[in-house]
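Take a look at the structure below.
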Amino acid sequence: MTYQDAVRYIEEIPRFTEKHSLAYVRDFLKRMGNPGMDRKIIHVAGTNGKGSVCAYMQAVLLEMGRRTGFFTSPHLISLNERIVVDREQIDDAGFLAVFEQVKETVDGMAADGVSHPSYFEFLFGMAMLAFAQADVEYIILETGLGGRLDATNAVEHPAVTVITSISLDHTAYLGDTVEQIAAEKAGIIKAGVPVIFDGTEPGAARVIEARAEALHAPCRKLGKNAFEIREITRKHIAFSRGSAYDKDELWTIRGCGTYQMMNVSLALAALETVLPKECIDYGRWKRAVSSVVWKGRMEEIRPGIFLDGAHNPGAVEAFADTLEALGEREPVILFSAVSDKEYEVMASILCERVKASVYIVTEIRDGRRVPARELGEMFRRRTQRPVLVCPEPAEAVREAARLGQGRSVYCIGSLYLIGELRRLITEEAVCT
């Protein structure tokens, strides 16, 4: 079997199986010898910011000489992106090797009459096996969907749990109120295990605090006073931490996403909880944090062209907050969405809060895509500003670059779009 065969196999999984209970996932992992369960595990859930929080923690752990595994989703271009050891995503040969070992376990399950793991469960098993074989000390797990029933919640004894910002997303599965969604995310909290969380949404905060109290889990809430912007440009943000010993001490992050200050703060608070005191070296931590570039999060992929994976209303509000903080005037907005997201709400936020010089809409290559023509009509009902319909992403980004000369271009609305544009720009040299 080749690497390409393995990828095709995994991508076919959703056609013949669905997700299972946590008891099933624990049995699946047990059949493989419970790989990685003896390591220090940091478990992260939330609506937005999970990947960024994980990336900042990974950078600091590596700066402090800790060997680290990082399981993340979704991927933008390659499945390999989901399994990272230290700073390197798993290579094709390593991917194939762990795939074949997991497949052998799954074949044994089939012989016993046990159903096949889901797409996400299979990849989770591969990741845990890869981390154990790499002999990492810390494993950072990003939940896929929700928390309480997510496959990653099969981990029963994490070192610390982290819950990022909570807002409406995946409402068909998680509930249609912030409190209901918070209850699903809070499902990762374990008895006696510290939890660090974004407490800026009052309804979500009450749910998380109640769950932590019920489980006697030490709880640290970060609010709006956890940080203060000192300087912001399109290249970086300098900020101080409200909880630091010296409030005049500056931290710097790359990019201009103002939402990243909370993500950094959550990451640092979690590491302050889990790392031994001799590893708390803020000088080195600052260096690590300032080095992080998280793909698709206010990422300047070409001069003046930014990719931001804002794909739900909360993330689009945060995107608009960033443009306001930058004093951005009449940028070009390139937008696409999938049908199971609240794309009409996202379009309304963009039209109300971001006065673009032009809105360009396109469609992604996925069965859940929203047709560009429908998106165009939706934007035209909400704004008097120009709206351009370009069904092909390559055409759309070329038009955005052409119309954006002298302006900033922001591409948002779907992680599928961000992945496709990254591929077009980096591999096919569109916009160069």
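A short reminder: the numbers here are calculations on the coordinates, not readings from a lab. Note that the structure is predicted; figures quoted are calculated from it, not measured. Cβ atoms come from the backbone with ideal geometry, glycine included; neighbour counts cover every protein chain shown.
Expressed as a whole percent, how much of the Cα-Cα distance distribution for the range 148-197 exceeds 13 Å? Display every interim value, and only then the final one.
Working: 702 of 1225 pairs.
Tail of the P(r) past 13 Å holds 57 percent of the pairs.
Anything over 27 Å Cα to Cα? Flag those among K190/K341; K103/K295; K221/K277, in the order listed.
The answer is K190/K341; K103/K295.
Would you calculate the volume per residue, in Å³, of the smallest convex hull containing every Cα atom of the range 299-426?
Normalising the Cα hull of the range 299-426 by residue number yields 87 Å³.
With unit charges on the beta carbon (Lys/Arg positive, Asp/Glu negative), name the residue among A127, G144, T164 whose Cα is farthest towards the positive pole of the charge dipole of the range 97-178.
T164
Specify whether the C-alpha gyration tensor of the range 109-162 places it in the rounded, prolate or oblate class, a ≥ b ≥ c being the square roots of the eigenvalues: rounded for a/c under 1.5, otherwise prolate if a/b is larger than b/c and oblate if not. Mind showing how you got there, number by number?
Details: a/c = 2.28, a/b = 1.35, b/c = 1.68.
Verdict is oblate for the range 109-162.
Amide H neighbours of N48 under 5 Å, at least 5 residues apart or on other chains, H built in the peptide plane: list them.
Under 5 Å from the amide H of N48 lie the amide H atoms of S165, S167, each far enough along the sequence or on another chain.
Answer rounded, prolate or oblate for the range 341-380, using the Cα gyration tensor with square roots of eigenvalues a ≥ b ≥ c: rounded when a/c is under 1.5, else prolate when a/b is larger than b/c, else oblate.
prolate
Where the convex hull is taken over the Cα atoms of the range 182-334, what is its projected area averaged over directions, in nm²?
10.1
Assuming R0 = 45 Å, can you tell me the calculated FRET efficiency for the pair D281 and V345, based on Cβ-Cβ distance, to the nearest 0.05? Kindly include the intermediate steps, with their values, before the conclusion.
Details: r = 43 Å, r/R0 = 0.96.
It comes out at approximately 0.55.
To the nearest 0.05, how large is the calculated FRET efficiency for T200 and T252 if R₀ is 22 Å and r is the Cβ-Cβ distance?
0.50
Output the antiparallel fraction of DSSP beta bridges having both residues in the chain, as a percent to the nearest 5.
35
Over the range 1-66, consider all pairs of different Cα atoms and compute the Kirkwood hydrodynamic radius from their mean reciprocal separation; express it in Å, one decimal.
Hydrodynamic radius (Kirkwood, Cα only) of the range 1-66 equals 15.5 Å.
Please identify the chymotrypsin sites (Phe, Trp or Tyr not before Pro) of the range 267-376 that satisfy two criteria: DSSP loop assignment and at most 15 other Cβ atoms within 10 Å. Which are they?
Within the range 267-376, no chymotrypsin sites (Phe, Trp or Tyr not before Pro) qualify (loop, at most 15 other Cβ atoms within 10 Å).
Kindly list the residues of the range 126-142 that lie in the label zone of R67, defined by a backbone N under 18 Å from the point 7 Å along the Cα-to-C-beta vector.
127-141
Restricting to DSSP loop positions (anything but H, G, I, E, B) with no more than 13 other Cβ atoms inside 10 Å of their own Cβ, which trypsin sites (Lys or Arg not before Pro) remain in the range 345-432?
Answer in residue order: R365, R368, R381.
Scanning the chain for GluC sites (Glu not before Pro) in DSSP loops with at most 11 other Cβ atoms within 10 Å, what's the longest stretch left with none?
19-426
Multiply the residue gap between L326 and S21 by 0.36 nm, knock off their C-alpha separation, and tell me the result in nm, one decimal place. Don't skip to the answer; put the middle values down first.
Details: separation 305, 0.36 × 305 = 109.80 nm, distance 4.51 nm.
Going from the current span to full extension adds 105.3 nm.
About its Cα centre, what dipole magnitude does the range 299-426 give when the only charges are +1 on Lys and Arg Cβ and -1 on Asp and Glu Cβ, stated in debye to the nearest 20?
Values: 18 positive and 20 negative charges, 77 e Å.
It comes to approximately 360 debye.
Using Cα-only point scatterers and the Debye equation, what is log10 of I(q)/I(0) for the range 137-243 at each q in 0.19, 0.24 Å⁻¹, rounded to two decimals?
-0.98, -1.26
Residue by residue, what Karplus-based ³J(HN,Hα) values in Hz, rounded to whole numbers, does the range 81-87 have, using 6.51, -1.76 and 1.60 with θ = phi - 60° and x for Gly and Pro?
Residue by residue, the range 81-87 yields 4, 6, 10, 10, 10, 6, 9 Hz.
Given the Cα-Cα distance of A93 and M1 and 0.36 nm per residue of separation, how much length would full extension add, in nm?
Gain in length upon complete extension: 32.0 nm.
Treating only the Cβ atoms of Lys and Arg (+1) and Asp and Glu (-1) as charged, compute the dipole magnitude of the range 3-290 about its Cα centre; round to the nearest 20 debye.
780
If a paramagnetic tag sat 7 Å from the Cα of L145 along the Cα-Cβ line, which residues of the range 202-243 would have the backbone N under 15 Å from that point?
none
Tell me the mean residue ellipticity at 222 nm calculated for the chain from its helices only (DSSP H runs of n ≥ 4, each -39500 (n - 2.57), averaged over every residue, nearest 500).
On the way: 15 runs with 176 residues, N = 432.
Dividing the helical sum by the residues of the chain leaves -12500 deg cm²/dmol.
So what J values fall out for the range 161-167 if you push phi through Karplus, 6.51 cos²θ - 1.76 cosθ + 1.60 with θ = phi - 60°, rounded to Hz, Gly and Pro as x?
Result, rounded to whole Hz: 10, 10, 10, 8, 4, 10, 8.
Just to be sure I understand the curve: with the Debye formula and one point per C-alpha of the range 188-277, what is log10 I(q)/I(0) at q = 0.15 Å⁻¹?
-0.63
Restricting attention to the alpha-carbon atoms of the range 23-126, what are Rg (one decimal) and Dmax (integer), both in Å?
14.8, 46
Is the C-alpha gyration tensor of the range 3-290 telling us rounded, prolate or oblate? Criteria: a/c under 1.5 is rounded; beyond that, a/b larger than b/c is prolate, otherwise oblate.
Since a/c reaches 1.5 and a/b is larger than b/c, the shape of the range 3-290 is classed as prolate.
What distance in nm lies between label points placed 7 Å from Cα along the C-beta direction at S290 and R373?
5.3
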